[in-house]
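Peer 1: The structure under discussion is supplied below as structure tokens; questions concerning it will follow.
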């Protein structure tokens, strides 16, 4: 027994099993070693809209400097592939048009990536809308990523393009997050149509093809796959492919997406969220979260990199409930070496200008800063 283990054993013995608290016992357990760095940061939504004309105001270098100065080291760019195509956005896209790359639009994305790198921020490129799939409807998809070879071919084309563009950039600075929150949807263009799990062999086929198209340019490129069932479930079928996996910090949805119209068919008739507490027919508690994240922690222990690519809470959840719940979410992730990215930096889920009715905001260079949320994120 080495000296460190002896001291730990002696500490437990001196306390006695009856006096050793759960917090103390957790504190002396060795943390699992995550293959991915414990990145902490934000999603930036500059390229989130399929139509560039409808995009929000862009992230500035000043924003990136604040992120870095506050101690964060990661940004995720969820992109809609039509955003960087040269097409008529007022018409339904055709399969041929999916290949019409607009180099000027790609250059704008590259400029944000380069500026983030200037401030020592790792950038994760993500296809939030990929050819043939998006967790959100609102843009006509001409085929289905999970069932149509033409969609998979286009998917691989896009990822090869991005991999080629960053061929000589270190995996410490760039990663490729294949497709946001996969699921099988009965109707790809109906937001509320029936969903189910992507069959494991199907997910493997898509992830393997895309990762190979990326690593054809650089065998050391870092590839990440979002969890199955809209990011919630580990994908055991790909653990041998040297692909990291990305979980979510939205469980349970009654807390994170309270009254969100895109996530609820009847958003105005939902039970009021509490944490902890009885909400509808369920008692919500930290134990619920620990069960939810258990498979992800086991994945870390098996040597697969894990990151939480999105987390947070829409602005209709009472702020005190949000912070109480989010404290538990972040503690479970961080204590297991799993980093996170808040959805989003500025906007309804963000630390800036979230529009909450029950927050005493701090003025921050003309923005409204949720200081309590920022400090919670920083201390993890």
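The values are calculated or read from the model by the stated rules, or taken from the named source; none is laboratory data. The shown structure was predicted, so the numbers you read here are calculated from the model rather than taken from an experiment. In this analysis, Cβ positions are derived from the backbone assuming ideal geometry, glycine residues included, and neighbour counts consider all displayed protein chains.
Peer 1: Quick one: how many residues across the range 173-197 are out of contact with any helix residue (DSSP H, G or I) (no Cβ under 8 Å at 6 or more places or on another chain) and closer than 24 Å to residue 45 by Cβ?
Peer 2: 8
Peer 1: While we're on this one: Output the number of the condition that residue 298 fails; it satisfies all remaining conditions of (1) at pLDDT 95 or above; (2) over 22 Å from residue 196 (Cα atoms); (3) surrounded by fewer than 19 Cβ atoms within 10 Å (Cβ to Cβ); (4) touching a helix residue (DSSP H, G or I) at 6+ places or on another chain (Cβ under 8 Å).
Peer 2: (4)
Peer 1: Now for a separate question. Name the strands (runs of 3 or more DSSP E) wholly within the range 315-380 that hold at least 1 residues that are buried (at least 16 other Cβ atoms within 10 Å of the Cβ)?
Peer 2: 339-342, 367-369
Conditions tested, residue by residue: (1) closer than 30 Å to residue 267 by Cα; (2) free of Cβ contacts under 8 Å to residues at least 40 places away in the same chain.
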residue	(1), (2)
167	no, no
171	no, no
174	no, no
193	yes, yes
202	no, no
206	no, no
219	no, yes
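Peer 1: Look at residue 136 and say whether it is over 16 Å from residue 83 (Cα atoms) and surrounded by fewer than 23 Cβ atoms within 10 Å (Cβ to Cβ).
Peer 2: Taking the combined requirement at face value, the residue does not satisfy it.
Peer 1: Turning to a different aspect of this structure: So, in the range 170-188, exactly how many residues are farther than 19 Å from residue 158 by Cα and surrounded by 15 or more Cβ atoms within 10 Å (Cβ to Cβ)?
Peer 2: 5
Peer 1: For the range 115-133, what are the residues that are in contact with a strand residue (DSSP E or B) (Cβ under 9 Å, 6 or more places away or on another chain) and outside any strand (DSSP E or B)?
Peer 2: 116, 117, 121
Peer 1: Would you be able to say whether some residue in the range 140-150 is without any contact (Cβ under 8 Å) to a residue 60 or more places away in the chain, over 30 Å from residue 264 (Cα atoms) and outside any strand (DSSP E or B)?
Peer 2: Among the residues of the range 140-150, at least one is without any contact (Cβ under 8 Å) to a residue 60 or more places away in the chain, over 30 Å from residue 264 (Cα atoms) and outside any strand (DSSP E or B), which makes the answer yes.
Peer 1: Do we find a residue being exposed (fewer than 15 other Cβ atoms within 10 Å of the Cβ), modelled with pLDDT under 95 and touching a strand residue (DSSP E or B) at 6+ places or on another chain (Cβ under 6 Å) anywhere in the range 259-282?
Peer 2: Among the residues of the range 259-282, at least one is exposed (fewer than 15 other Cβ atoms within 10 Å of the Cβ), modelled with pLDDT under 95 and touching a strand residue (DSSP E or B) at 6+ places or on another chain (Cβ under 6 Å), which makes the answer yes.
Peer 1: Step by step: first the residues of the range 365-380, then only those that are touching a residue at least 60 places away in the same chain (Cβ under 8 Å) and in contact with a strand residue (DSSP E or B) (Cβ under 8 Å, 6 or more places away or on another chain), then the one that is farthest from residue 79 (Cα to Cα). Which residue is that?
Peer 2: Among those that are touching a residue at least 60 places away in the same chain (Cβ under 8 Å) and in contact with a strand residue (DSSP E or B) (Cβ under 8 Å, 6 or more places away or on another chain), it is 380.
Peer 1: Go over the candidates 244, 209 one by one and state the one that is within 20 Å of the chain's Cα centre (by Cα) and within 26 Å of residue 76 (Cα to Cα).
Peer 2: Going through 244, 209 in turn, just one is within 20 Å of the chain's Cα centre (by Cα) and within 26 Å of residue 76 (Cα to Cα): 244.
Peer 1: Taking the criterion of being out of contact with any helix residue (DSSP H, G or I) (no Cβ under 7 Å at 6 or more places or on another chain), part of a loop (DSSP other than H, G, I, E, B), within 24 Å of residue 192 (Cβ to Cβ) and at pLDDT 95 or above, would at least one residue in the range 82-91 satisfy it?
Peer 2: There is no residue in the range 82-91 that is out of contact with any helix residue (DSSP H, G or I) (no Cβ under 7 Å at 6 or more places or on another chain), part of a loop (DSSP other than H, G, I, E, B), within 24 Å of residue 192 (Cβ to Cβ) and at pLDDT 95 or above.
Peer 1: Scan the range 43-61 residue by residue and report those that are in contact (Cβ under 8 Å) with a residue 24 or more places away in the chain and part of a loop (DSSP other than H, G, I, E, B).
Peer 2: 44, 45, 46, 47, 48, 49, 50, 51, 55, 56, 58, 59
Peer 1: Quick check on the range 55-69. Is at least one of its residues at pLDDT below 95, exposed (fewer than 12 other Cβ atoms within 10 Å of the Cβ) and in contact with a helix residue (DSSP H, G or I) (Cβ under 8 Å, 6 or more places away or on another chain)?
Peer 2: no
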